[in-house]
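The values are calculated or read from the model by the stated rules, or taken from the named source; none is laboratory data. Fair warning: this is a prediction, and the values are worked out from it, not measured in the lab. Here the Cβ positions follow ideal geometry from the backbone for every residue, glycine too, while neighbour counts run over all protein chains shown.
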Amino acid sequence: MADSSPEAAVNLSRETWKRLEPLLASAFDMEAEARERWLAGLDATEPELAPMLRRLVANHIRAEHSGSLETVPKLAPPPPSHSAWTAGQGIGPFTLERPLGRGGMGEVWLAEQSDGRITRHVALKLPAAWLSGEHWQERFRRERDILAKLTHPNIARLYDAGVTDAGQPWLAMEYVDGHSLLDAAKARSLDTNARIALFRQVLAAVSHAHRHLVVHRDLKPANILVDASGQVKLLDFGIAKLLDEAEVPEGARDLTRLGGRVMTLRYAAPEQAAGEAITTATDIYALGVLLYELLSGASPYTAVREGRSFHEATLLQSEVTAPSSIASARSLAGDLDAILLKALRRDPAARYASIEAFDTDLAAHLAHRPVAARAGTWRYLAGRFVRRHRLPIATAAGVVIALAVGLVIAIGQRERAERHFASVRSLANTIMFDLYDAIDKVDGTLAARRLLADTSLKYLDNLAAESAGDDSLQLELATAYRKVSEILGQPNRANLGEPERAAQVIAKARSILTPLEARHPDDLALLRELRTVLDHSANFLAQRSDARMHETITSAVRVAEHAMKQPGATLDDRLAWLDVRTNRAAFTDVVSANRPGALAELRPVMVELEALVRAHPESLRARLVLAYANRRAAVATIDPQRRFETAPAALPFSERALALLHELVVSPAATRSMRMTLTFTLGEYAEALFWSGKTEAAYAAINEALANSRTMFAAEPGDAQVLVWHAFTLGRAAVGAMTLGHLDLAIEHGREANAIFARIPPDAQRARDASNVQSQAQISLADALITRARSAKASPAARRADLAEAKILYAAGLAFIDRAIAEKWGDVPVKYVAELRAAALSVDQQLAALDRGAPGTSPPR
């Protein structure tokens, strides 16, 4: 095979190219004037390389001004005309079948993965053979890291990544069998509204990337495919930019700057073509060009028709022309003209502030509501009102003249009301769908979450008063109410410790969604939200041992199953169905004390989840749901009446859950809830190890849990759920320390646990899980104090003090157990309760003996 390396193309040795490549990269990272000075200096330091470097830079500049700088090859010597890859060739676990496409940085092949674990087709991205330098390998690694952060149904998934034996990187991506955005719209003969609906899927994908601080920078039809089902898939983050470059290694930042000159000029924003700062507004501009072409069939650049290069057109044209000026696109006049022109403003600050704002205007246009891109004149607002209420207004046409005078006054009021209503709705959406997701991933945001909840409820209640008859708004309201309830007091996640208030808010969401389901029984978005609301409602009811819990969680399972059968359902919908089934099993175990019933539901769930994890190794959600199912199986396996006999069988379930959770918490997408779940699972695992006689392993597990718990407590000392779990972990640590003979440490942990529990908000303290935590902490500390009181070294005064404190703690712990028995809170272990009562009675006897001056007796426990 002929040498296809860049050295061969310009008669360079491999060693010379290795020296030349980083210099070339540095050259393109400089402004023209600085680059000239730098090149002049190279005559003295690199006399052999300087002439070649000048020639390559000059070629690049000519290519750039010719408008052909759309791919990486213009940054380096030209690639060979043939491929370095062949059908049948093996790359890692993949076998190449046929090429799908070729560009400057390399090629994309259809490949089959068949490694005994899974069989599927992938799109395998491979570098050009001549791009073997460290800079290009780093670019591939960087694309891999970016894709690993992005999990969205409209973004092609990253399945795997690796390096060949020859040191060339590869990426295995989801294979999308479809057409480019423009070709798909043409092939399906989509009308304007259908094209907008298709484009909104693109916006959803880019919005997800922006929320993860990634700017795509190369949005064009070829990078947006539409599959046979009509689902959009965004591809190729090869030159994407990370907005938060403080966290990017220096070498990767260099690549970002170099990548700034790699673009498709037809879709590049003016600042991108000029080499200026890249922001999310850069993607908004490219999306504006895409939508312009999608709706009008023409480019927004009039200069292109005059024969100028795209580069000149982008830099020199003041503003683009309205799409309705094109003869074939007259129908776009009005809203769509305004929306497109706003997205295509030359000044980034004048464009839409976010993808969400862009999408909100498109949604408003489709619903015949006012769009922010147009001035809110009374004539325009009235026109929108007429479009929305065409039939009633036609019926009332006969009285219009009689009402003309009143209408002049009312229009002004309507204008103000429309503006107010749109602004409140926009603000509520921004708060609940942007800030909520961002805050939920960050520690130390308790005050922000409290402010978010309180402020949001005011806006939501205002919107609710005006939402009658607007089903889309009511769905938004229900989602927002649900998110506020999670902040206030959703069990098993970070919250403010207000479960009663949270239950009232989730009830609002449910009351909105129930009639909506009757009107739209197959609406996937509605079903997804109702599923979540019912699941959360069941959790609140379970905390109060409310019998309605069973009916509610069964309804959640029904809705989840119906949702996953709808067109457009995704893997996440199937996972949600399995997740609510796991919750039903948990309630069956904990609330109804039906462990066999719980395990009967969990077994097929875990089998299916294991299969999904194998089929979708990129899905963090699949691993998280599988970890939760294993955790619940471990708990259900242990019979409270026979802990020592049944605990060993629970260990494999706990170990599988922990293996998955340890992987999840180190992923870039790790959340606070994942870390909390890991900590709690470690505590449960430690208990099972204690009961299985594995004391040392148990103590190691509880110490790991305690270290994690202290970290979370330091970050969020006022978070009610963190307080509950930290107190619980400390109580377990006290048991472990006492078992190993570390009595003083056990007492220290026990007292700290009880002190922390006292800080939990009163409403949260009364919840079932929290009360259970408190009683266990009280009993653990009482046990440790009694053990210390029995020590021969203890003085009578010290013994009395420990026993008196233990008496109070036992009384409090037993009060919870009496409440649990009276309210039928699951399966209370009879033998354990008998031992506690005997221990409490023994404390009374020892205190009485001390009063008589007689030696105390040892408690039976």
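Looking at GLY693 and the list (1) at pLDDT 90 or above; (2) among the small types (Gly, Ala, Ser); (3) within 29 Å of ILE756 (Cα to Cα), which single condition is not satisfied?
(3)
Given the structure, is ILE553 farther than 18 Å from LEU488 by Cβ and either in contact with an Asp or Glu (Cβ under 6 Å, 6 or more places away or on another chain) or of a type in the set (Val, Ile, Thr) (or both)?
yes
Within the stretch 221-234, is even one residue at negative phi, of a type in the set (Val, Ile, Thr) and assigned to a loop (DSSP other than H, G, I, E, B)?
no
Rundown of residues vs (1) acidic (Asp, Glu); (2) closer than 23 Å to GLU663 by Cβ; (3) at pLDDT below 95, yes/no style:
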residue	(1), (2), (3)
LEU527	no, no, no
ARG531	no, no, no
ALA542	no, no, yes
GLU561	yes, no, no
ALA569	no, no, yes
PRO604	no, no, no
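Could you give every pair whose Cβ atoms fall below 6 Å, whose first residue belongs to the stretch 670-698 and is closer than 22 Å to GLN641 by Cβ and in contact (Cβ under 8 Å) with a residue 24 or more places away in the chain, and whose second residue is among the small types (Gly, Ala, Ser) and surrounded by fewer than 23 Cβ atoms within 10 Å (Cβ to Cβ), counting only separations of at least 6 or pairs across chains?
ALA688/ALA647; LEU689/ALA697; TRP691/ALA647; SER692/ALA647
Only one of LEU213, LEU190 is assigned by TED's automatic domain parsing to the domain that holds TYR267, of a type outside the set (Ser, Thr, Tyr) and at pLDDT below 80. Can you tell me which?
On inspection, the qualifying residue turns out to be LEU213.
Identify, from the list ASP337, ASP283, the residue that is of a type in the set (D, E, K, R), in contact with a strand residue (DSSP E or B) (Cβ under 6 Å, 6 or more places away or on another chain) and either under 16 Å from ASP218 (Cβ atoms) or at pLDDT 85 or above (or both).
ASP283
Quick one: SER472 ticks every box in (1) under 24 Å from the mean Cα position of the chain (by Cα); (2) buried (at least 21 other Cβ atoms within 10 Å of the Cβ); (3) among the hydroxyl-bearing types (Ser, Thr, Tyr) except a single one, so which number is it?
In the conditions (1) under 24 Å from the mean Cα position of the chain (by Cα); (2) buried (at least 21 other Cβ atoms within 10 Å of the Cβ); (3) among the hydroxyl-bearing types (Ser, Thr, Tyr), SER472 misses (2) alone.
Kindly check whether there is at least one residue in the stretch 300-313 that is in the same structural domain as VAL215 (by TED's automatic domain parsing), touching a Ser or Thr at 6+ places or on another chain (Cβ under 8 Å) and modelled with pLDDT of 75 or more.
Yes, that holds for at least one residue.
Please go through (1) modelled with pLDDT of 80 or more; (2) over 24 Å from the mean Cα position of the chain (by Cα); (3) over 20 Å from THR280 (Cα atoms) for GLU174 and return the number of the only condition it doesn't satisfy.
Among (1) modelled with pLDDT of 80 or more; (2) over 24 Å from the mean Cα position of the chain (by Cα); (3) over 20 Å from THR280 (Cα atoms), GLU174 violates only (2).
With LEU457, LEU473, LEU477, LEU451 as the choices, which residue is assigned to a helix (DSSP H, G or I), at pLDDT 70 or above, aliphatic (A, V, I, L, M) and over 16 Å from ALA507 (Cβ atoms)?
LEU473
Report yes if some residue within the stretch 708-725 is modelled with pLDDT of 85 or more, assigned to a helix (DSSP H, G or I) and more than 18 Å from ARG672 (Cα to Cα); otherwise report no.
no
Evaluate the stretch 254-265: report whether one residue or more is at pLDDT 65 or above, more than 19 Å from GLU356 (Cα to Cα) and not acidic (Asp, Glu).
yes
Looking at THR45, is it β-branched (Val, Ile, Thr), farther than 30 Å from VAL214 by Cα and modelled with pLDDT of 80 or more?
no
Among the residues of the stretch 533-588, count how many are surrounded by 21 or more Cβ atoms within 10 Å (Cβ to Cβ) and not in a helix (DSSP H, G or I).
0
Can you tell which of ARG55, ARG62, ARG102 is over 27 Å from ASP160 (Cβ atoms) and at pLDDT 65 or above?
ARG55
If I filter the stretch 496-518 for residues that are under 23 Å from the mean Cα position of the chain (by Cα) and modelled with pLDDT under 85, do I get at least one hit?
So far as the stretch 496-518 goes, yes, one or more of its residues are under 23 Å from the mean Cα position of the chain (by Cα) and modelled with pLDDT under 85.
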